[in-house]
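Below is one structure, written out as structure tokens; comments come after it.
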Amino acid sequence: MDLDKCIACGLCAEKCPKKVDDPYNAGLSKRKAIYLQYSQTVPLKYAIDPDTCLYKIKGKCQACVKFCPTGAINFEDQGETRTLQVGSVILAPGYQAFDPAALTAYGYGRIPDVVTSLEYERLLSAGGPYQGHLVRPSDHKEPRKVAWIQCVGSRNTTPGGNSYCSTVCCMYAVKQTLVTAEHLGRGEQSQTIFYMDLRSHNKEFERYYQDAKAKGVRFIKSRPHSVEPGPHNIGVKLSYLTMDGTKAEEDFDLLVLSVGLEAPKDAQAMAEKFGVTLDHHNFVKTGSFSPVATNQDGIFVCGAFRSPKAIPRSVAEASAAAMEAARALVEARGTLTREKTYPPERDVSPDEPRIGVFVCSCGINIAGVVDVKGLSEYAAGLPGVVAVENNLFTCSTDTQELIAKKIKELNLNRIVVAACTPRTHEPLFQDTLREAGLNPYLLEMANIRNQNSWVHQQQPEAATAKAKDQVRMAVAKVARDYALERGAVQVVQKALVVGGGVAGMTAALELAERGYDAVLLEKGPKLGGNAWTLNRTWKGDEVRPFLTDLISRVENHPRIQVMKNAALKTVNGSVGNFASQVEVDGALTPVAYGVAVLATGGQELQPKEYLFGQDRRVITHQQFDTMLREQAANLQKANSIAFIQCVGSREPERPYCSRVCCTHSVTSAIKLKELNPQMNVYILYRDLRTYGLREELYTRARELGVIFIKYYPDNNPRVFTDGPDLKVEITDPILQMPLRLTPDYLVLAAAIIPNAAQDLVELFKASVNAEGFFTEAHPKLRPVDSMVDGLYLAGLCHHPKPLDEAISQAKAAVSRAGLVLAKEVMQLDAIKSQVTEKCDGCALCLDVCPYKALKLEEYRDNGHAHRRIVSDKALCKGCGLCEATCPKEGVTIHHFTMDQLKAQVDAVIESLN
Amino acid sequence: MISIHILTLAREIGVHRNTIRNWVKTGKINARPGPGKGLLFTPEGFQALCQEFQLQPEHLQFKVLTRLSAPDASPSTANPLATREEHVSEKVIGSVMVVGGGIAGIQASLDLADQGYYVYLVEKSAGIGGKMSQLDKTYPTNDCAM
């Protein structure tokens, strides 16, 4: 397949006679042997499946070659081996979904209405096999009653399963229940999740889970033991045991198996090829303090190939891996990339519009519905139009050359492309204009495909009339387009890091190693933060040696300026160019910087319940870690130690999971059992959340005899003293009986709360969620960027997380910050707000601006005080809310001025007159 | 590039090998860690080293490493990286290979390319997007995965 020639018109797939199961739709629908992976795939090019193509297997057919209008298919083409010279390698091969066929009790493959969660995802999707109309496989009817079984292939030590927790399945199942409810709408319906521990431990996940509960999703703590088909092989019958040991049976219309994640099947081959070490699950082995580094220098790993994880952490790790990969190559940055150069721009402002219109047929995509010949003739008669061309594919390389040639020959100064969507194709045509010496903003696109031929296939005449309207509007607007210049900001090649804990120090050190100066602010007298109180990571590595080494490297690095007892007092400017005053011991120091990393950290909540502060035997994790470190001999003598989980977390006041406490209690319990195997160790928990590979610690703790007792929030443990004894009373839901423990120590797994950062929120105009954690720009895809450009988040100030995740987030923050620092001058977009002389400073627009790009300014003119708005070009995103709000055209958006919009509206209503 | 084993250098100068490592860290010796326990010097750095410690190059055991484009003809072993010593490139290469075009691979590639590194994004299927492209919506915002 010649990717330069393929224009993804789809004729080849239409003519291809070979139908095969579509792996993209998890085999639930068919595709052809020549196919698009999915409709929005990148690159948007057809591919031939060599295993099913008739010509490839039988040597006959080639229908696709015959029908391809651009000659893009060439069966003579052979695969080639290329040698690449690279400075670093990042491994991100992802995961494969667990295949539940081996777990025969669940009936997958035997019972039609048992599907995997990935198949169910396709059933729900609008791009899926049934266009998003939810039906079950057996009789294609809507399933009103759906059940999910969690931990299919995960947390399973029997053969055929994986012993670890796959981390993401609890949440995707909860999501699927809510989306299912939306799909089914009114009428009787129910969703039931059978789970072991519900693990909603990431940011905003617990709230989502509670929301699902409130909406009526049933959560049953049980692992169903057998699944049988319903009558006539339709639906399923589920057998399970409830918490109190009663046998139960229930019928469902459809059963979804929440399958786990596992290393891809070629993991070992890949590991051998690169010489990296895998663990016993075939995930890449990484260290506690170097979370994305493999055992091979220069080879890094991110995403699910390290351990199962959700999208936000994969994305953050990807940035961290990019940072590591780039650090070793700093001196070669820019040596293999090229900046494109363009001829000088022609000034067209004094000239009358000379418009060229290019009408695209898009193969038959447009021409099959819209009369493109008639449209072209019509366009030629519009005011200002001096040239019209109809092209088979306006986006093809030869048409770009044609456009450039016409611009020069006919002295065109404005271009209209009537084709597809500007979202995908505007940059291409803008580039063609620039290459021909025209400003890129002298272009308009009329979307006569997505908004016309694709949706009006049955009404070709009306579609053609609409296309004429669209082109008339574009011509009217382009005549009023003027050249725009992209602004630029000088980037200060320096970073500010707020917070001297492990996340902040890691960020500062990595920035410095990348060759950027960093200023590290610490509000206290000492670097290190919470890490001083920790003993070991969950992987068993000692924290202290790492911490002291990190501190000395930070303090001695020539590029890092450490300011202790420091407070940020002012923040001016925006991305690329911030200026602040920092107060140290009452003295103010100015600091200029291009980007900032916020790593202000968090702290352990001081509990109010369970006699904390009243009885010295009731302590928190951080205090207990100190005891383990300093008084291990004393602890060894204890008869009994109890832990209570979720103290202050997952409560109405703090509806989030603190993420680290379950693992912390389990590792401490293991340590105690190792000190004294006779000791009674109890962990009282709600859901045990040893996510990912940490699950093995939970298994080990149970093997060592640690006793786990579940409690529900409406039946919290009761703690009291009885004479000299400390007592803990709890109702065991399995025994259905109250238990009374007499622990020597009671350890409270207290919540992590963010450090107060309200001053920073106001200074940077950043935002925090209801619990005070900083908000990221996008919860899935930009987990490290804050809502403010040039400001990045790392560590506990974003959400509770263990040390290795804080480190990888700090490294990711440096990668993201590097995108700004890599350029000495940062180009801004040209479509920005512009305050006009009509502005009288009424300030209506200030409140609507979501980017806080507008400011009110007072000035004096002839002795009179006036007010007006000033727009910050670096902050403005050109969304246009201010223009829509202003009652007097006091502010406008370039390229969407009132004049330009009016011209378009006038043009469209012309056809009504 | 000239590679000298760290122990050779420690013996010649008469200090502990960790002292040599510290000197490299603090910049007293202008070298960077190479493959194995080797230290990599530029020819200039090597001359400066010899001058400072009055070492005689002809008595020193060292390796001159060649460019990657002229690989050693020695037979390869099962682990291709085991022969990296001979394959070390003289200059740092400003490109990165990213294996896998799912959401993690895409993000890593974008971060690198935007900072001026050439990226080879290697994907085994016909399009990038990976598993995430098969998802309907994503929690906790119920945004469309696409």
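Here, each number is a calculation from the coordinates, and none is a lab measurement. All of these numbers come straight from a predicted model, not from anything done at the bench. So basically every Cβ, Gly included, is an ideal-geometry build from the backbone, and we count neighbours across all protein chains shown.
General observations
- Among the trypsin sites (Lys or Arg not before Pro) within the stretch A:478-534, those in coil by DSSP and having at most 11 neighbouring Cβ atoms inside 10 Å are A:Lys526.
- Think of the protein assembly as shown as a dipole: +1 on every Lys or Arg Cβ, -1 on every Asp or Glu Cβ, centred on the Cα centre; then among A:Gly705, A:Ala47, B:Met146, A:Gly705 lies furthest on the positive end.
- Rg/Rh for the stretch A:96-262, where both radii come from Cα atoms and Rh is the Kirkwood radius: 0.93
- Cleavage-rule hits (trypsin sites (Lys or Arg not before Pro)) in the stretch B:89-135: DSSP loop, at most 10 neighbouring Cβ within 10 angstrom: B:Lys124
- With 5 Å bins from 0: P(r) over the stretch A:355-478, alpha-carbon pairs, percent: 2, 13, 25, 26, 20, 10, 3, 1, 0
- Ranking A:Ser815, A:Asn156, A:Val217 by how far each Cα lies toward the positive end of the dipole of the protein assembly as shown (charges on Cβ) leaves A:Asn156 at the top.
- Residue exposure proxy: A:Ser665, A:Ser640, ordered by other Cβ atoms within 10 angstrom of their Cβ from fewest to most, comes out as A:Ser640, A:Ser665.
- Straight-line cross-link partners of A:Lys175 among the aspartates and glutamates, defined as a Cα under 15 Å from its Cα and at least 8 positions apart when in the same chain: A:Glu119, A:Glu121, A:Glu204, A:Glu206, A:Asp211, B:Asp136, B:Asp143.
- DSSP loop GluC sites (Glu not before Pro) with at most 11 other Cβ within 10 Å: longest gap in chain A: A:654-836
- Dipole check for the stretch A:31-168: with +1 at the C-beta of Lys and Arg, -1 at the C-beta of Asp and Glu, and the Cα centre as origin, the magnitude is about 280 Debye.
- Label separation (A:His281 vs A:Gln736): 3.6 nm, computed from points 7 Å beyond Cα along the C-beta direction.
- Reported to the nearest whole Å, the Cα centre-to-centre distance from the stretch A:617-676 to the stretch B:89-114 is 42.
- What you get for the stretch B:95-144, charging only the Cβ of Lys and Arg (+1) and of Asp and Glu (-1), is a dipole of about 160 debye around the Cα centre.
- Kirkwood Rh and Cα Rg combined as Rg over Rh, evaluated for chain A: 1.00
- Summarising the overall dimensions of the stretch A:833-893 from its C-alpha atoms, the Rg and Dmax are 11.1, 36 angstrom.
- The distance separating the Cα centre of the stretch A:520-599 from that of the stretch A:372-397 comes to 60 Å.
- Sorted by Cβ neighbour density within 10 Å, fewest at the top, the residues A:Cys797, B:Cys50: B:Cys50, A:Cys797
- Note that the stretch B:2-66 carries a Kirkwood radius of 11.6 Å, evaluated over its alpha carbons pair by pair.
- Selection from A:Gln631, A:Ala322, A:Leu521 lying farthest towards where the dipole of chain A points positive, charges on Cβ: A:Gln631
- Among the listed pairs A:Lys203/A:Lys801; A:Lys671/A:Lys811; A:Lys18/B:Lys124; A:Lys811/B:Lys91, those beyond 19 Å (Cα-Cα): A:Lys671/A:Lys811; A:Lys18/B:Lys124; A:Lys811/B:Lys91
- Spatially, the stretch A:746-819 and the stretch A:218-289 are offset by 32 Å when compared through their Cα centroids.
- Only Lys, Arg (+1) and Asp, Glu (-1) charged, at Cβ; chain A dipole about Cα centre in debye: 980
- For B:Arg11, A:Arg617, order by how many other beta-carbon atoms lie within 10 Å, fewest first: B:Arg11, A:Arg617
- Within-15-Å neighbourhood charge of A:Lys237 [Cβ basis; K, R +1; D, E -1]: -2
- Checked against a 31 Å cut-off, the cross-linked pairs A:Lys213/A:Lys309; A:Lys58/A:Lys265; A:Lys408/A:Lys477; A:Lys780/A:Lys838 give Cα-Cα distances beyond that limit for A:Lys780/A:Lys838.
- With the helix formula -39500 (n - 2.57) applied to DSSP H stretches of n ≥ 4, the protein assembly as shown reaches a computed 222 nm mean residue ellipticity of -8000 deg cm²/dmol.
- Length gained on full extension, A:Glu771 to A:Arg338: 151.3 nm, using 0.36 nm per residue less the C-alpha separation.
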